[in-house]
Amino acid sequence: MSQAMYEPHDQHQLNSGARASAVARVKRRNTLWAVLTAVVGYGLFAVPMIVLVFLAMFNSASGPGLGGGHEGAGFFVFLCVAGILCMVASPALMALAFIFRKLGLWIAAICTAAPALVVAVMIYIKLPA
């Protein structure tokens, strides 16, 4: 026996409408936080991403004959690219975590945001004023 049998038809529609508006309010709030997180994250990581791109380009382009090549150059370029990818992925993953509230998204967002924040702080500290 269904629940609709015990309550009037109008009451059932009223309850479903109230639930739908509550879901819309929660979704709107989550979307606002997601957009703000993504905008602030990309704004925070813009300068460090540009610095890492130039560091990786100059380190990979300078060979042993140009005086800049060394044994760890390939690994340094790999670290620069990994830092850039973390900086690109972490604001998007954080926004998705705010919207969908899944544990896996939160873990992925934190695992990408932690190294990205460390690299960004190191670059902001070493940047000449």
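The values are calculated or read from the model by the stated rules, or taken from the named source; none is laboratory data. The structure presented is a predicted model; accordingly, all values stated were derived computationally and were not measured. Heads up, the Cβs are rebuilt from the backbone with ideal geometry, glycines too, and the neighbour counts pull from every protein chain shown.
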Original post:
Scanning for something loosely packed, with under 14 Cβ neighbours inside 10 Å and of a type in the set (A, V, I, L, M, F, W, C), does the range 90-103 turn up at least one residue?
Top reply: yes
**OP:** Could you tell me whether Ser60 is modelled with pLDDT of 95 or more, at negative phi and either of a type outside the set (A, V, I, L, M, F, W, C) or within 14 Å of the chain's Cα centre (by Cα) (or both)?
**Re:** no
